[in-house]
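Undergrad: Quick one: structure below, then a few questions.
The values are calculated or read from the model by the stated rules, or taken from the named source; none is laboratory data. The structure presented is a predicted model; accordingly, all values stated were derived computationally and were not measured. A quick note on method: Cβ atoms are made from the backbone with ideal geometry, for glycine too, and the neighbour counts reach across all protein chains shown.
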Amino acid sequence: MPYEIDETHDQNLKSWVESANDPETDFPIQNLPFVRAVFTDDEEQETFIASGVVIGSKLLVLDLIAQEGFLDGFVDDEIMSTMLIDEYFSQLSRDDRAKFRSRLVSLLDKDNAELRDHELAEHTLFDVADVELLPAFDCRDYTDFYASVYHATNVGSMFRPDNPLLPNYKWIPVGYHGRASSVVPSGTTVRRPVGQLSPAEEGGAPGFGPCKLLDYELELGVVVGRGNELGQPIPIAEAEDHILGVCLLNDWSARDMQKWEYVPLGPFLAKNFATTVSPYIVTMEALAPFRCPAMTRDDDDPKPLAHLHDENDQSHGGIDITLEVFLASKQMRDQDLEPIRLSKGSFKDMYWTIAQMLTHHSSNGCNMQPGDLLGSGTISGPTREARGCLLELTWDGDPFAETPKLVPGTQRTPIELPTGEERKFLADGDEVIIRGYCERDGFRRIGLGECRGIIEPALI
């Protein structure tokens with residue numbers, strides 16, 4: 001069933017945390033994304049991690065308010081010594097998650113003095129700028145999908161102009177198993193990878209050295225909450241009950257390495273050197289006002305098989321999230337120039353829904369676990385401006401034109417930067433910034449924050 005819109009989504013709600021009332025903030029009281037934060041105990045000279053929610057420019061530490069009884073009746077006392085609040089929250093039912101969210105909104109409401117006027121308030125609220133934020137969950141497993149038909153068609157057209165989409169694409173959400181250990185938080189520098197590069201000529205020997213065609217991929221991360229038992233698939237009608245929320249994700253890609261290695265088993269070293277995620281998990285409850293129908297398929301497209309089809313998912317399975325990618329070269333930063341926007345698209349343009357991705361992943365009995373991360377795959381749309389990576393953005397072909405102009409993948413128009421620099425792919429020192437937000441008349445705008453990474457030179 002669709003997530004309900006309730007009093008926590010009221011656009012007129014205000015908080016006693018003043019920065020949450022700024023119309024430009026990503027994190028009003030209607031959002032409250034989960035994060036983890038690193039704190040240092042100066043007396044003990046130890047660091048510890050706590051869970052919290054971000055509101056405006058502040059971090060509210062949930063573990064501290066729970067210890068003082070503000071979450072009594074919403075958090076089991078026995079969990080306090082065994083897990084963080086966000087771990088507990090992820091395993092709740094949908095109804096209990098909604099009650100937990102409602103309690104947090106009530107505590108932060110401007111007219112509720114319960115926490116606002118308590119001496120604890122100043123000790124549980126911290127400036128976000130003063131703490132180190134981590135993703136709300138340690139990534140236990142990572143799977144990346146290929147859920148944008150626009151991206152799949154663009155890339156397929158570069159290499160298979162006469163047959164861009166392989167026969168399975170419109171039947172299953174295609175994906176591959178990524179590397180959880182190299183999923184890193186926003187702000188972590190990314191080392192240019194070294195590896196085997198595709199031969200310059202067909203039949204030639206590959207080279208070995210730094211990647212020459214380094215790219216970003218604009219994606220949404222889907223974070224699993226409740227898992228399933230090994231051997232027990234997750235039905236499509238129940239899939240979203242197992243999803244905690246979403247974050248921003250950049251699946252960095254070494255295109256020259258990828259071209260050489262992807263046949264016959266798919267991505268490997270071209271993908272597993274780094275995947276950057278934003279720290280904020282925006283919950284499914286917060287996203288309720290921004291749901292939309294799943295992408296309408298062409299009349300001649302196949303209908304999903306029964307285990308991937310649900311009427312509620314078709315009518316509410318999409319999410320209208322606007323996503324933007326910006327780039328700032330080192331020269332631009334040195335000259336205090338603002339990053340330039342490379343692309344702007346929407347998650348509502350995805351061919352497969354997040355419920356379909358999760359259901360397909362578990363359909364063979366695969367056991368999903370709290371904290372598992374699913375990448376959507378590159379988010380691209382029907383226009384050039386909405387292409388979600390440089391491989392597509394700089395390519396001069398257009399497979400969706402009335403008369404497609406299919407040209408070799410090497411024919412590209414570079415991106416021009418304000419400094420006079422040009423980019424077909426990423427250079428050392430480039431910073432890629434992904435931002436996301438949701439807007440709808442009658443509701444408060446909420447954001448997903450930022451996902452950042454700067455490219456460092458290869459080690460050889």
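Here is a yes/no grid of residues against (1) part of a helix (DSSP H, G or I); (2) under 25 Å from Gln369 (Cα atoms):
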position	(1), (2)
Leu92	no, yes
Lys99	yes, yes
Leu115	yes, no
Glu119	no, no
Glu122	yes, no
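Undergrad: Considering only segment 411-425, state which residues are surrounded by 15 or more Cβ atoms within 10 Å (Cβ to Cβ) and not in a loop (DSSP other than H, G, I, E, B).
TA: Arg412, Ile415, Arg423
Undergrad: Considering only segment 175-234, how many residues are in a strand (DSSP E or B) and touching a residue at least 24 places away in the same chain (Cβ under 8 Å)?
TA: Filtering segment 175-234 for residues in a strand (DSSP E or B) gives 175-177, 183-185, 190-191, 194-197, 207-210, 214-215, 218-224.
Then drop every residue that is not touching a residue at least 24 places away in the same chain (Cβ under 8 Å), which leaves 175-177, 183-185, 190-191, 194-197, 209-210, 214-215, 218-224.
Residues in segment 175-234 being in a strand (DSSP E or B) and touching a residue at least 24 places away in the same chain (Cβ under 8 Å): 23 in total.
Undergrad: Tell me whether segment 380-388 contains one or more residues that are at positive phi and within 17 Å of the chain's Cα centre (by Cα). So that I can check it myself, show each step before the final result.
TA: Applying the first criterion (at positive phi) to segment 380-388 yields none.
No, segment 380-388 has no match at all.
Undergrad: Pairs needed: first member in segment 105-119, farther than 17 Å from Gly69 by Cβ; second member anywhere, surrounded by 15 or more Cβ atoms within 10 Å (Cβ to Cβ) and of a type in the set (Gly, Ala, Ser); C-beta distance under 8 Å; at least 6 residues apart or different chains.
TA: Asp109/Ser15; Lys110/Ser15
Undergrad: Oh, and also: Looking at (1) crowded, with 19+ Cβ neighbours inside 10 Å; (2) closer than 19 Å to Tyr262 by Cα, can you tell me which one Val194 breaks?
TA: Condition not satisfied by Val194: (1).
Undergrad: Considering only segment 135-164, how many residues are over 14 Å from the mean Cα position of the chain (by Cα) and not in a loop (DSSP other than H, G, I, E, B)?
TA: Qualifying residue count, segment 135-164: 11.
Undergrad: With respect to Lys259, determine if the residue is in contact (Cβ under 8 Å) with a residue 40 or more places away in the chain, closer than 23 Å to Asp428 by Cα, in a helix (DSSP H, G or I) and not aromatic (Phe, Trp, Tyr).
TA: Considered against the rule, which asks whether it is in contact (Cβ under 8 Å) with a residue 40 or more places away in the chain, closer than 23 Å to Asp428 by Cα, in a helix (DSSP H, G or I) and not aromatic (Phe, Trp, Tyr), Lys259 comes out as yes.
Undergrad: Could you run through segment 415-460 and say how many residues are among the charged types (D, E, K, R) and out of contact with any helix residue (DSSP H, G or I) (no Cβ under 9 Å at 6 or more places or on another chain)?
TA: Of the residues in that region, 8 qualify.
Undergrad: How many residues, within segment 2-39, are loosely packed, with under 12 Cβ neighbours inside 10 Å and either part of a strand (DSSP E or B) or touching a helix residue (DSSP H, G or I) at 6+ places or on another chain (Cβ under 6 Å) (or both)?
TA: 0
Undergrad: Exactly one of (1) surrounded by fewer than 19 Cβ atoms within 10 Å (Cβ to Cβ); (2) modelled with pLDDT under 85 is unmet by Ile85. Its number?
TA: So Ile85 meets the others, but not (1).
Undergrad: Same structure, new question: Only one of Glu202, Glu219, Glu229 is surrounded by 16 or more Cβ atoms within 10 Å (Cβ to Cβ) and either out of contact with any Cys (no Cβ under 6 Å at 6 or more places or on another chain) or among the acidic types (Asp, Glu) (or both). Can you tell me which?
TA: Step by step, each of Glu202, Glu219, Glu229 is checked, and only Glu219 is surrounded by 16 or more Cβ atoms within 10 Å (Cβ to Cβ) and either out of contact with any Cys (no Cβ under 6 Å at 6 or more places or on another chain) or among the acidic types (Asp, Glu) (or both).
Undergrad: What residue, among those in segment 234-287 that are β-branched (Val, Ile, Thr), over 22 Å from Arg36 (Cα atoms) and at pLDDT 95 or above, is surrounded by the fewest Cβ atoms within 10 Å (Cβ to Cβ)?
TA: Of segment 234-287, the ones β-branched (Val, Ile, Thr) are 234, 236, 243, 246, 263, 275-277, 281-283.
Those left that are additionally over 22 Å from Arg36 (Cα atoms): 234, 236, 263.
Checking which are at pLDDT 95 or above leaves us with 234, 236.
Details: Ile234: 25, Ile236: 23.
For segment 234-287, the residue satisfying everything is Ile236.
Undergrad: Show me the helices (runs of 4 or more DSSP H) found entirely inside segment 288-394 where at least 3 residues are in contact with a Pro (Cβ under 8 Å, 6 or more places away or on another chain) and surrounded by fewer than 21 Cβ atoms within 10 Å (Cβ to Cβ).
TA: Output list reads 311-316.
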